[in-house]
1. Would you mind pulling out the separation of the Cα centroids of the stretch 121-182 and the stretch 69-93, in Å?
2. So what is the diffusion coefficient of the chain in µm² per second by Stokes-Einstein at 25 °C and 0.890 mPa s, using a Kirkwood Rh over Cα pairs?
3. Based only on other Cβ atoms within 10 Å, what is the fewest-to-most ordering of 310, 17?
4. Using only C-alpha atoms and all pairs of different ones, pull out the Kirkwood radius for the stretch 82-155 in Å with one decimal.
5. Most exposed first by the Cβ proxy, i.e. fewest other Cβ within 10 Å, how do 15, 6, 102 rank?
6. Rank these for me by crowding, 21, 189, going from fewest to most other beta carbons within 10 Å.
7. Give the dimensionless ratio obtained when the Cα radius of gyration of the stretch 126-212 is divided by 2.2 N^0.38 Å.
8. Note down the relative contact order for the stretch 194-348 as a percent, whole number, built from C-alpha pairs under 8 angstrom at least six residues apart.
């Protein structure tokens, strides 16, 4: 199994051998990661750069695992991932509901998704109604005049998605499925009680901040914000008069989301650009760094809170328990700031349902890649209580037909 997570700052590849998996958890046999400048806010801006990063990350993982891979499960964080609810009704005329009927009503619901210029990534059942009786989880074996079903559909812009797939194909890889990165992160980070009772997984990445709401063991909402930790890095570079790379190092080594955690007298090396355009030695306090970083971090979290509150007000109430992951979530004091903004308990999480990650890859930055592996082991495409036999898609079909074809075959 191979997972390929394409983010705005890096490309990560994890490889697992099915024979090494146990207790429903994959064991990583090889891993690779490469920085990239080919993606901005989840959208491809440089095909050649992204292709090169994909090749290097996959080759690094292949050497570590001592295997060659051609098929990968692809994770994307943007741009503009969105979730919608689709519904369909199936007349049964008093007959018993069978798995075939569930499959038919699902196909009818997915075919009703008509958003222009968007492609379905994956979907999940939200609930069934039997003759108007809501809240039925598993209608199989029941008798009904009409079976009504609701499904959550996660989609992305067609053109932007094709650009990502194009880069993967140019690296001689076949994307067998595409998942929303926050959904994958939830599979890697959430404990069973959180997924069942309700939790909001927020993946705080470099270029995109995304959220996936889970309830009753399944996905119920997806939200994306085209802003991430790199915005704070840019602010720091502007504020200190230094390069983006130098600002990123300062953010990682000395940054904090709270002025109280950054001592006003703690001085650190913070090189600045001189008159000749070269970096020159300079110092600043950790409090100065925090003073630049905090407003942007606060803005991003407040915007996400606003979007989630709006989604909760217009649809079903979303869970308020927050689980925070992603590379930019590792900043000191971010948990306390997030609790103040979301007015809810916040847990910082790293991948916990995948073995063999090691010290480097067990950080929150690789939560999505780890979740992709776990999804593949669970049998994909949409792990749910209604899943049947899961077969591979016809390699001769187009990618988007494969993804939609899997849904039709398996449900």
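1. A separation of 3 Å, based on Cα centres.
2. Rounded to a whole number, D works out at 111 µm²/s.
3. Going from least to most buried by this count: 310, 17.
4. 12.5
5. By the 10 Å Cβ count, ascending: 102, 15, 6.
6. 21, 189
7. 1.52
8. About 27 percent, as a whole number.
Read-outs throughout are calculated quantities, based only on the coordinates presented, and are distinct from any laboratory measurement. From a predicted model like this one, the values you see are computed outputs, not experimental measurements. Cβ: placed from backbone, ideal geometry, glycine included. Neighbour counts: every protein chain shown.
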